[in-house]
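Following: one structure in C-alpha cells, then a few remarks.
The values are calculated or read from the model by the stated rules, or taken from the named source; none is laboratory data. What you see is a predicted model, and the numbers here were worked out from it, not measured in a lab. Neighbour counts run over all protein chains shown; Cβ positions are idealised from the backbone, glycine included.
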Amino acid sequence: MPERSKDWLLQSERDLEEAKWSFQGEFYEWTCFIAQQAAEKGVKALYQAINAEAWGHSISKLLKELPPEFSPDGILIEKSLHLDKFYLQPRYPNGFDIGSPKDYFTKNDAEGAIKNAAEIIEWCKSKICK
C-alpha cells in the first residue's frame, strides 16, 4: 500500500477548517463531529507515516496503540477522550432519549472540540514532518 500520510494530514486540516465554518453557523453538533473526524484523520496520517495499520474510530485508542517512540502524553490522551464522545451522538437523534443532537451540543462543546482537534493534529504533524 502506498504511503499517503500527507493526503490524510491535508484532509484532517481541511476538516478542521470545515468544523470552524460549522461553528460560525452555530451548528455545534456538526462542529463536534467534524472536529472528531479531523483529529482521527490526523492520527491516521501518523499511522500512514510510520507504515502501521490503524483500525477504528476511537482517537484515544489509536493514540494509545502507537509504538512507544510515538506515545503521546496523558494530556493529549485526555483531549482525545473528549473528542471520542463526538463520534456518534452528534449525528443521530436516537443517541438521546428525546430531542435531536442540536438540542444537546453547546458553543462550549464545539470550542473545546476545535481546540482539542487542532492540538492533536499539530502533535501528529510534528511527528510526521520530522
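Looking only at region 42-59, filter to residues that are in contact with a helix residue (DSSP H, G or I) (Cβ under 6 Å, 6 or more places away or on another chain) and either more than 15 Å from residue 117 (Cβ to Cβ) or in contact (Cβ under 8 Å) with a residue 60 or more places away in the chain (or both); which one of those is surrounded by the fewest Cβ atoms within 10 Å (Cβ to Cβ)?
Looking at residues that are in contact with a helix residue (DSSP H, G or I) (Cβ under 6 Å, 6 or more places away or on another chain) and either more than 15 Å from residue 117 (Cβ to Cβ) or in contact (Cβ under 8 Å) with a residue 60 or more places away in the chain (or both), I get 54.
Condition first: assigned to a helix (DSSP H, G or I) and within 15 Å of residue 128 (Cβ to Cβ). Now tell me which residues in region 41-63 satisfy that.
Those that are assigned to a helix (DSSP H, G or I) and within 15 Å of residue 128 (Cβ to Cβ): 41, 42, 43, 44, 45, 46, 47, 48, 49, 62, 63.
Given 8, 21, which one is modelled with pLDDT of 95 or more, farther than 19 Å from residue 119 by Cβ and within 17 Å of the chain's Cα centre (by Cα)?
Details: 8 fails: farther than 19 Å from residue 119 by Cβ.
The unique qualifying residue is 21.
Can residue 19 be described as more than 23 Å from residue 3 (Cα to Cα), assigned to a helix (DSSP H, G or I), among the small types (Gly, Ala, Ser) and touching a residue at least 24 places away in the same chain (Cβ under 8 Å)?
yes
Looking at region 3-22, which of its residues are among the aromatic types (Phe, Trp, Tyr) and closer than 25 Å to residue 50 by Cβ?
8
Applying the selection to region 64-84, what residues are in contact (Cβ under 8 Å) with a residue 24 or more places away in the chain and either assigned to a loop (DSSP other than H, G, I, E, B) or aliphatic (A, V, I, L, M) (or both)?
Once the filter is applied, which keeps residues that are in contact (Cβ under 8 Å) with a residue 24 or more places away in the chain and either assigned to a loop (DSSP other than H, G, I, E, B) or aliphatic (A, V, I, L, M) (or both), region 64-84 yields 72, 76, 83.
Which one of these is at pLDDT 95 or above, of a type outside the set (A, V, I, L, M) and surrounded by fewer than 17 Cβ atoms within 10 Å (Cβ to Cβ): 106, 31?
None of the others qualify; the one that does is 106.
Taking region 91-113 on its own, how many of its residues are hydrophobic (A, V, I, L, M, F, W, C) and either in a helix (DSSP H, G or I) or closer than 21 Å to residue 16 by Cβ (or both)?
Qualifying residue count for the region: 3.
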